[in-house]
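Notes follow the structure.
The values are calculated or read from the model by the stated rules, or taken from the named source; none is laboratory data. The shown structure was predicted, so the numbers you read here are calculated from the model rather than taken from an experiment. Positions of Cβ are generated from backbone atoms using ideal geometry, with glycine treated the same way; all protein chains shown enter the neighbour counts.
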Amino acid sequence: MDAGDQSAGPVREIVDARRQPRFKIAVDISINSRTCGLLTGHTVDISESGISAMLRIEVPLGEVVELGFTLPFGPVTIYAMVRQRNAFRYGFQFVESNAVHEVIQTTCHYLADAKSLIPKL
């Protein structure tokens, strides 16, 4: 094996180690930040524990923000912590909220089922 082959294994393990699977979803999102005010962006993907979005303005890592977006099963307003940033893509970890978690969970299950129905080429 060359060095390129050896590095592929750990990367795959890291991706597979996520707590919940991610599903692509592209919807508008609003972010209410105490340091940046009201921002808007577009989501990239969602899981039961968080969501990622593309933003134009920098939001500090570690800040708890209020997110607002609409999923196929209804509108969601939830608090989340800014956990990651890679250029303009931000990762948000949801702060527990049982009321909206059901909408997020139902959407993720729906997206998983829809993904399994797509024929593989």
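For every residue, the table says whether it meets (1) under 22 Å from residue 19 (Cα atoms); (2) within 13 Å of the chain's Cα centre (by Cα).
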residue	(1), (2)
36	no, no
44	yes, yes
51	yes, yes
80	yes, yes
89	yes, yes
101	yes, no
113	yes, no
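Determine whether residue 51 is hydrophobic (A, V, I, L, M, F, W, C), modelled with pLDDT under 95, under 16 Å from residue 33 (Cβ atoms) and touching a strand residue (DSSP E or B) at 6+ places or on another chain (Cβ under 9 Å).
Judged against the criteria, residue 51 is not a match.
What are the residues in segment 8-24 that are within 19 Å of residue 82 (Cβ to Cβ), surrounded by 12 or more Cβ atoms within 10 Å (Cβ to Cβ) and either at pLDDT 95 or above or not polar (S, T, N, Q) (or both), if any?
Once the filter is applied, which keeps residues that are within 19 Å of residue 82 (Cβ to Cβ), surrounded by 12 or more Cβ atoms within 10 Å (Cβ to Cβ) and either at pLDDT 95 or above or not polar (S, T, N, Q) (or both), segment 8-24 yields only 22.
Just to verify a result, which residue in segment 26-64, among those that are touching a Gly at 6+ places or on another chain (Cβ under 8 Å), among the polar types (S, T, N, Q) and free of Cβ contacts under 8 Å to residues at least 40 places away in the same chain, is farthest from residue 112 (Cα to Cα)?
Going through the qualifying residues, I end up with 32.
When segment 25-53 is examined, which residues are found to be aliphatic (A, V, I, L, M), surrounded by 13 or more Cβ atoms within 10 Å (Cβ to Cβ) and not in a loop (DSSP other than H, G, I, E, B)?
The answer is 29, 31, 39, 44, 46, 51, 53.
Do we have residue 85 as without any contact (Cβ under 8 Å) to a residue 40 or more places away in the chain, surrounded by fewer than 13 Cβ atoms within 10 Å (Cβ to Cβ) and more than 18 Å from residue 109 (Cβ to Cβ) here?
Here the answer is no, as residue 85 does not meet what is asked.
Look through segment 54-66, keep the residues that are β-branched (Val, Ile, Thr) and loosely packed, with under 14 Cβ neighbours inside 10 Å, and return whichever of them is modelled with the lowest pLDDT. Please lay out each step first, then the result.
Restricting attention to segment 54-66, the residues satisfying the condition of being β-branched (Val, Ile, Thr) are 57, 59, 64-65.
The next check asks that each one be loosely packed, with under 14 Cβ neighbours inside 10 Å; those that pass are 57, 64.
Details: 57: 91, 64: 95.
Checked segment 54-66; the qualifying residue modelled with the lowest pLDDT is 57.
Looking at the structure I just gave you, is residue 107 in contact (Cβ under 8 Å) with a residue 24 or more places away in the chain, surrounded by 15 or more Cβ atoms within 10 Å (Cβ to Cβ) and part of a strand (DSSP E or B)?
For residue 107, the condition - in contact (Cβ under 8 Å) with a residue 24 or more places away in the chain, surrounded by 15 or more Cβ atoms within 10 Å (Cβ to Cβ) and part of a strand (DSSP E or B) - is not met.
Please go through (1) charged (D, E, K, R); (2) surrounded by 14 or more Cβ atoms within 10 Å (Cβ to Cβ); (3) outside any strand (DSSP E or B) for residue 113 and return the number of the only condition it doesn't satisfy.
(2)
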